[in-house]
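A quick write-up on the structure given underneath.
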Amino acid sequence: MPEERRLLSTGEAARHVGVDRSTLGRWVAAGLITPTRRTVGGQYRWDLEELDAQLQDLEQRGADQPPFARELADAPRHPEEPS
């Protein structure tokens, strides 16, 4: 049986990435990233490995994205990492 990973709230995922939770919401609305799940109540749930992979893909394509997505490439990957 495959191991289930813990899915995080948008706030927890945003802290992991080092951005505000509203930023993740904007990126979802713009179609730049996709949450792992959406609850019945409409809240997003995130698998960190999937989110990191999506963000890495965005960083590699950075120049082809809208201006606010470029801020992603410049943002630290984790809050404890220096800019």
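Read-outs: derived from the displayed coordinates by stated rules, not from any lab. Just so it is clear, the structure is predicted and the values come from calculations on it, not from any experiment. For neighbour counting, all protein chains shown are included, and Cβ atoms are generated from backbone atoms with ideal geometry for every residue, glycine included.
Kindly put Thr34, Thr10 in sequence by how many other C-beta atoms sit within 10 Å of each C-beta, fewest to most. Spell out each step's value before the answer.
On the way: Thr34 14, Thr10 19.
Exposure proxy ranking, most exposed first: Thr34, Thr10.
Please identify the GluC sites (Glu not before Pro) of segment 4-60 that satisfy two criteria: DSSP loop assignment and at most 13 other Cβ atoms within 10 Å. Which are they? Walk me through the intermediate numbers first.
Details: sites: Glu4, Glu12, Glu49, Glu50, Glu59; in loops: Glu4.
Counting only loop positions with at most 13 other Cβ atoms within 10 Å, the GluC sites (Glu not before Pro) in segment 4-60 are Glu4.
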Simple spin-label estimate for Glu12 and Asp52 in nanometres, 7 Å along Cα-Cβ: 1.6
10 Å beta-carbon shell around Thr36, net charge (K/R +1, D/E -1): +1
